[in-house]
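Asker: Next up is a structure, given as C-alpha cells.
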C-alpha cells in the first residue's frame, strides 16, 4: 500500500525530475521531437557533407557532443556503428563492426554519462544483445545477452538515473543498472573495465608477438571480441513471452510507458499500451489497442499518445494500410480520444506547442490538438512515409520513402521547402528514409536505405543539410 501511495504521489506531481536527459531516450526526449536544442534547420538547405555507402541506415543518426552516432548494416546483415564528426562527416572517430558486434542494429542509442546504450537483432534473429559502449572510444563497457526465439532489441532504450530500460521483442521489457557490473562472478565498476581490458590486450598482444616468432603461419592478431566484457545487473524483466515489445520505451517520472504488438503469423504478443513502475516493473495500468504500435508512445504532459499501423515497415505492404492515433491519461490509462488515419502510422508522434504531429503511409502529415484530438492541418508529401517527424522552433521536418526531406510550418501545415536527396547534384543517391530526420545545431541529419522498393540494392547515404 505504501508503495502504491508513493507511486500515485509521484504521478500526481511534477514529472520532469526523473525524465531522461537530452538524447538519453528515443528521438531525444519524451515528446519525440528529434531535436533538443530548439534550433531550427536552414531556410534554404544545401548539402554540407554526405557519405556514400552500400550499407542501410535504418535508425536515425544521434548527436553525441560534436559527433554523430550512426548504425547501419550491409550484406549478410553485417553490422556497423560509427561516430562521425558533425562538422564535416569525414573519417569517423571510431567504427565498430564484426567481430565486436554480432547482429545488425536498428536501435537508436541512448546517450548518458559518456555511455552509448543500444540493442541489436532483427526480427528473423533468435536472441539479441544490449550494448554499452564508451562514447569516446567505442570500446565495449558491458553487454547483456538475451537468448531465445523472437527475442531482439529493435526499439530505442531509455536511460534514467543510470538505469537502462528497453524492449526485447518476446523478452518483454528489461531494466538494467549500467553502474553495477559483474565479470567472472565478481563485481567491477565501470571505471575498472578499461583497466582490466587494457591488461588483457597487453597479454593478447604479447602472446601474438611470441607466436609470430615461433609459428608465424598460425599467429592470429588480437581482436576486441577477446576482451573481457562484464554484464550489467538486471533489475527486472517483465512480460517475457507474453508481450512483444519492438517499439521504443518512454519514461515520465516514476513510470515506464511500454507498447506491445501482436504478431499475426507467429500468434505472439498482445496489442496494448501499459505503464510500469520504473523501479520494480510492476504494472500500473494497461489499455488495449486496435493496431500494432510499432512507433511506441509519446508523452506530452499528462497525456500518452500512441500511434498504430496495420502494416510494419515493409514497402510492398503499403497499399491499403490503415492507421490510428490514440491518447490516454498518463496517471490512469483512461482513454481520452482516438482518431482513424487512412494510412499506416508506423512511427511515433512528435509533440510540440500543444500539437501532436504524425506521418502516414498515405503520404500525409497530420497535426492534432493534444487536448482533444481535433485535427488542425494536413500536409501532402506526395510519397509514402515510414519515418517519424521532427519538430524544431516551429518547423516540422519529414523525410519520405522517395528520399525527399520536407519542411512544414508547425502552426498551419504550410510547406516551406522540399529537398530531394536523389536528384541533388551533391548526393544523387535516391533512397528511402526509415529512421527520420535529426535536427541539431541548426542542421539536419538523415540516412537512407534501399532494402526494398524501386531503388533496391543501390547505394545509400548519410547526409548533413544546412545553410552555407
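A short reminder: the numbers here are calculations on the coordinates, not readings from a lab. Computed from a predicted model, the values in this text were never measured in an experiment. So basically every Cβ, Gly included, is an ideal-geometry build from the backbone, and we count neighbours across all protein chains shown.
Asker: As a check on your grasp of the helix formula, calculate [θ] at 222 nm for the chain: sum -39500 (n - 2.57) over DSSP H runs of n ≥ 4, divide by the residue count, round to the nearest 500. Can you show the working numbers first?
Answerer: Numbers: 2 runs with 36 residues, N = 468.
The helix contribution divided over the chain gives -2500 deg cm²/dmol.
Asker: When N is the residue count of region 133-177, what does its C-alpha Rg come to as a fraction of 2.2 N^0.38 Å?
Answerer: Working: Rg = 11.6 Å, N = 45, 2.2 N^0.38 = 9.3 Å.
Rg over 2.2 N^0.38 Å, computed on Cα atoms: 1.24.
Asker: Where both residues lie in the chain, what percent of DSSP beta bridges are antiparallel, nearest 5?
Answerer: Details: 123 of 123 bridges.
Antiparallel bridges: around 100 percent, rounded to the nearest 5.
Asker: Between residue 205 and residue 353, what length in nm is gained on full extension when 0.36 nm per residue of separation is reduced by their alpha carbon distance? Could you put the intermediate results ahead of the total?
Answerer: Numbers: separation 148, 0.36 × 148 = 53.28 nm, distance 5.64 nm.
So the chain would gain 47.6 nm between residue 205 and residue 353.
Asker: Something else now. Can you tell me the equivalent ellipsoid semi-axes for region 109-154? Use √(5λ) from the Cα gyration tensor, largest first, whole Å. All intermediate terms of the calculation are to be shown ahead of the outcome.
Answerer: On the way: eigenvalues 102, 17, 10 Å².
Three semi-axes, in Å: 23, 9, 7.
Asker: Can you pull the three principal axis extents for the Cα set of the chain, in Å, largest first?
Answerer: For the chain, the Cα spread along each principal axis is 75, 65, 41 Å.
Asker: Mind giving me the FRET efficiency for residue 412 and residue 196? R0 is 60 Å, r the Cβ-Cβ distance, nearest 0.05 is fine.
Answerer: On the way: r = 57 Å, r/R0 = 0.96.
The pair residue 412/residue 196 has a calculated efficiency of 0.55.
Asker: Here is a further query. Roughly how compact is region 384-440, stated as its Cα Rg over 2.2 N^0.38 Å to two decimals?
Answerer: Working: Rg = 11.2 Å, N = 57, 2.2 N^0.38 = 10.2 Å.
The value comes to 1.10.
Asker: On to the next question. For residue 467 and residue 369, what does the FRET efficiency come to when R0 = 22 Å and r is the distance between their Cβ atoms, rounded to the nearest 0.05? Walk me through the numbers on the way to the answer.
Answerer: Details: r = 32 Å, r/R0 = 1.45.
Calculated value: 0.10.
Asker: I'd like the distance between the alpha-carbon centres of region 148-165 and region 276-346, rounded to an integer number of Å.
Answerer: If you average the Cα positions of each part, the centres end up 18 Å apart.
Asker: Please report how far the C-alpha centroid of region 101-146 lies from that of region 169-244, rounded to the nearest whole angstrom.
Answerer: If you average the Cα positions of each part, the centres end up 12 Å apart.
Asker: Continuing with this model, one more query. Based on the alpha-carbon gyration tensor of region 59-111, what equivalent-ellipsoid semi-axes (square roots of 5 times the eigenvalues) come out, in whole Å, largest first?
Answerer: Numbers: eigenvalues 76, 28, 16 Å².
Result for region 59-111: semi-axes of 19, 12, 9 Å.
Asker: In whole angstrom, note down how far apart the Cα centers of region 420-468 and region 390-414 are.
Answerer: Centre-to-centre distance over Cα atoms comes out at 15 Å.
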